[in-house]
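Take a look at the structure set out below.
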Amino acid sequence: MIEPLWEVFVRSRRGLSHTHVGSLHAPDATMALRNARDVYTRRQEGVSIWVVRAADITASSPDEKDEFFDPAGDKVYRHPTFYQVPEGVEHL
Amino acid sequence: MLAGMDSFQATIDADGRIEPRDAMPEGYRKTLIRQIAQHAHSEIIGMQPEGNWISRAPSLRRKAILMAKVQDEAGHGLYLYAAAETLGVDRADLLDLLHSGRQKYSSIFNYPTLTWADIGAIGWLVDGAAIVNQVPLCRCSYGPYARAMVRVCKEESFHQRQGFEILHTLCNGTPAQKAMAQDALDRWWWPSLMMFGPPDSASTHSEQSMAWGIKRHSNDELRQRFVDMTVPQADVLGLKVPDEGLSYDEETGHYRFTEPDYTELYDVVKGNGPCNQQRLAHRVKAHEDGAWVREAAAAYAGKQASRREGSAA
Amino acid sequence: MNDLFVYTLRLGDDALIAAQRTAEWIAAAPQLEEDVALGNIGLDQLGQARSLLQYAGQVEGADRSEDDLAYFRDERDFLNLQLCELPNGDFAHAMARLLYFATYQHLLYEELRGCADEMLAGVAGKAVKEVAYHVDHATQWVLRLGDGTEESHRRMQAGLDALWPYTAEMFESDDLVRRLAVAVDPSTLQAEWERRVMAVIDESTCSRPVASYQHSGGRTGRHTEHLGYLLAELQHVARSHPGATW
């Protein structure tokens, strides 16, 4: 019998987003959440937890990484540093 | 564009991190699975020698600290099994390999904890040696292993300190307590040196692991680092390291020390240490005693899921 | 003896002896995640014990520390419930005990956190959140074991039944709790305790344990044979080195 694997995401404090912290095994979502509390927030690391069945995550493949991510590389105009600001202009 | 193995080598050469779904040589994958599993096994077998003293800890404060420490080790085993699982193996299978003796764990845990001072010695020496071994692993080329080690190292920072504090208290206590501390050092010193593995001249896996960025320093380098770090601490405690050949070399800035008897290390690894059978039997029993619980949890989850489907239909 | 001292000692001894039994599970749990969970529960119980024993020592005014009270009293001086000292059985037995005990502690601490004694109220206020989690943990497992497999159902029922004869002791009232204004009279908690525990047992598909002979004596220091061995282990090192610091 193999218990499903769950990925655990913890919000470390209010105002921050949930971050992946690790994984664990649990028979169901209720126990996964409780196990995550015991395993990953022993030192007050969190104020909120998400658990997701690892099998339910759809991930991009490393084989596709060039067509996925390289085309964004030359779109420098998306960054504010691309633009010249005339001397003396503030709050821009 | 670099595909497959070229991209792997380029990433390693640039000191980058390999992630789970990247192409990697089969040898790299196998070496990592073996090493991470062994590391995880060591954490959970390591719960036993210290767990042996939770019920007898001589103050409630010490009892709480020790419980938290042994609990951390379960957590660390868990993080590490999860890191191994990213390489396409299942924790249940790795546990089977441990239980059937086909995968090893650190031989240090095959020594018995005979007095309370051993809890101090384990924290100070064994965790001290583990930290020397583990800190470079935080920069290991395999991302999930490195990340697990960052978490482990962060949490373990209190482990060594609490061990030293136990011994410091004993060394400043009654003559009987001080003698207990010296006895613990006498027994744990040599096995601790063996934790760094065989000497470089006899180490079989090291070279390839170094090339792959799994291992960053040689066994002998790490052993030297441990001795240099530990000897002055023994002086602070007023304890004598049980090595007649120990001396400080002004020129190199390092201590010279006697190498441990590696035939003992090989014997313990082969299964002939004082506690090998006991440790494994305890672990197997806990696992087998828990089988019906795990089955029940799975059965319940199955029932709940089909009930939900039933009500949704 | 001072009523408040005795009362605080009762609660502290419950927590201490429960912690000692919970800790025996570490490195022996059915799965790694449960080793960590039981570690947390044991640490909560031990933390409660330390606060309560420290306070008991202070109330007594005889300069006894938490460790003096834990390590240098004999069986007959311990005032914990027999439920807490019984040896561990299988995992179902452990979850039955946790369900019974934590539900009781939860009701007790809920009342106690409003009491006039600032220290007791403070300890209870912190502990009530801890034991609420223990109740939840026990509940989750009783449901899974009761409604899991045939074997787990049988074991869960056996655990609930075996410990039932040690539950009435939790609700015994006596002169001391009636006299001491800050004390919670535990007899007032019984009906709600039964309601909560029975709801879990019903949902787990187990049968309610049948009314049976009820053991008693812990609150006056009359224990099972098991407590002596538990204390021998707990106290051995400290007693071998009287006066030492650790």
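Every number here is computed from the coordinates shown, using simple stated rules; none is lab data. Nothing here was measured: the structure is a model prediction, and the numbers come from that model. For neighbour counting, all protein chains shown are included, and Cβ atoms are generated from backbone atoms with ideal geometry for every residue, glycine included.
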Euclidean distance of C-alpha centroids, region A:59-92 and region B:155-194, integer Å = 56
Tally Lys and Arg at +1 and Asp and Glu at -1 over the other residues with C-beta under 10 Å from the C-beta of C:Thr22: what net charge comes out?
-> 0
Taking N as its residue count, the alpha carbon Rg of chain C over 2.2 N^0.38 Å | 0.98
Which aspartates and glutamates, on any chain, are close to B:Lys285 with Cα under 15 Å apart, when same-chain ones fewer than 8 places away are left out?
-> B:Asp96, C:Glu24, C:Asp35, C:Asp90
Shape parameters for region B:66-134, alpha-carbon atoms, Rg then Dmax in Å = 14.1, 42
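So how strong a dipole does region A:5-82 carry about its Cα centre when Lys and Arg Cβ are +1 and Asp and Glu Cβ are -1, to the nearest 20 debye? Please list the in-between numbers first.
Values: 11 positive and 11 negative charges, 154 e Å.
That gives a dipole near 740 debye.
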Using only Cα atoms, locate the centre of region B:24-77 and the centre of region B:244-271, then give the distance between them in Å, rounded to an integer.
-> 25
Would you mind calculating the relative contact order of region B:165-313 from Cα pairs under 8 angstrom and at least 6 residues apart, reporting the percent as a whole number?
-> 19
Charges only on Cβ, +1 for Lys and Arg, -1 for Asp and Glu: so what's the dipole of region C:3-240 about the Cα centre, in debye to the nearest 20?
-> 160
Which lysines does B:Lys63 reach when only Cα atoms under 16 Å apart count, and residues fewer than 8 places away in its own chain are ignored?
-> none
Would you calculate the separation in nanometres between label points at C:Arg154 and C:Arg195, each defined as 7 Å from the Cα along the Cα-to-beta-carbon direction?
-> 3.6
Be a star and scan region C:72-98 for residues whose amide nitrogen sits under 18 Å from the point 7 Å along the Cα-to-Cβ vector of C:Asp161.
-> C:89-97
GNM flexibility winner over chain A from A:Leu24, A:Leu16, A:Leu33 (Cα, springs under 10 Å) = A:Leu16
Top of A:Asp70, A:Asp28, A:Asp56 by mean-square fluctuation, Gaussian network on chain A, Cα under 10 Å | A:Asp70
For the B:Asn272, B:Ala202 Cβ pair and Förster radius 30 Å, calculated FRET efficiency rounded to 0.05 is 0.95
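For peptide A:28-34, compute the average count of partner chain beta-carbon atoms within 10 Å of each residue's beta-carbon. Numbers along the way, then the final one.
Values: counts 9, 2, 7, 10, 1, 0, 6.
The shielding value for this peptide is 5.
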GluC sites (Glu not before Pro) within region C:189-246, DSSP loop, no more than 11 other Cβ atoms inside 10 Å | C:Glu225
Under 11 Å, Cβ to Cβ, from B:Gly245 - net charge with Lys/Arg +1 and Asp/Glu -1 = -2
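To the nearest 0.05, what FRET efficiency results for B:Ala92 and B:Met229 with a Förster distance of 35 Å applied to their C-beta separation?
Values: r = 38 Å, r/R0 = 1.09.
Calculated transfer efficiency: 0.35.
On average, how many beta carbons from a partner chain sit within 10 Å of the beta carbon of a residue in C:141-154?
On the way: counts 5, 0, 3, 13, 6, 2, 5, 13, 8, 3, 6, 8, 2, 1.
Per residue, the average neighbour count from other chains is 5.
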Per-residue average of Cβ from other chains inside 10 Å of B:165-171 | 1
Packing-based order for B:300-307, B:287-294, using average beta carbon neighbours within 10 Å, highest first = B:287-294, B:300-307
Computed FRET value (nearest 0.05) for C:Arg113 with B:Glu26, which takes r as the C-beta separation and R₀ as 45 Å | 0.15
If you place +1 on the Cβ of every Lys and Arg and -1 on the Cβ of every Asp and Glu, how big does the dipole about the Cα centre of the protein assembly as shown come out, in debye to the nearest 20?
-> 740
Positive-pole candidate from B:Asn272, B:Cys171, B:Ser141, dipole of region B:1-273, charges at beta carbon = B:Cys171
Rounded to the nearest 10 degrees, the helix B:60-85 long axis (Cα) sits at an angle to the longest Cα principal axis of chain B of 50
Would you mind telling me which residue in A:Pro27, A:Pro62, A:Pro80 has the biggest mean-square fluctuation in a Gaussian network model of chain A, where springs connect alpha carbons within a distance under 10 angstrom?
-> A:Pro80
Label model pair C:Glu225, B:Asp6: point-to-point distance (7 angstrom along the Cα→beta-carbon line) in nm is 7.8
State which entries of B:Lys154/B:Lys240; A:Lys65/B:Lys215; B:Lys178/B:Lys215; B:Lys69/C:Lys129; B:Lys69/C:Lys126; B:Lys154/B:Lys303 exceed 32 angstrom in Cα-Cα distance in the structure shown.
-> B:Lys178/B:Lys215; B:Lys154/B:Lys303
Inter-part gap, Cα centre of region C:82-140 to Cα centre of region C:1-58, in whole angstrom, is 10
Express the relative contact order of chain A as a whole percentage, based on alpha carbon pairs under 8 Å and six or more residues apart in sequence.
-> 27
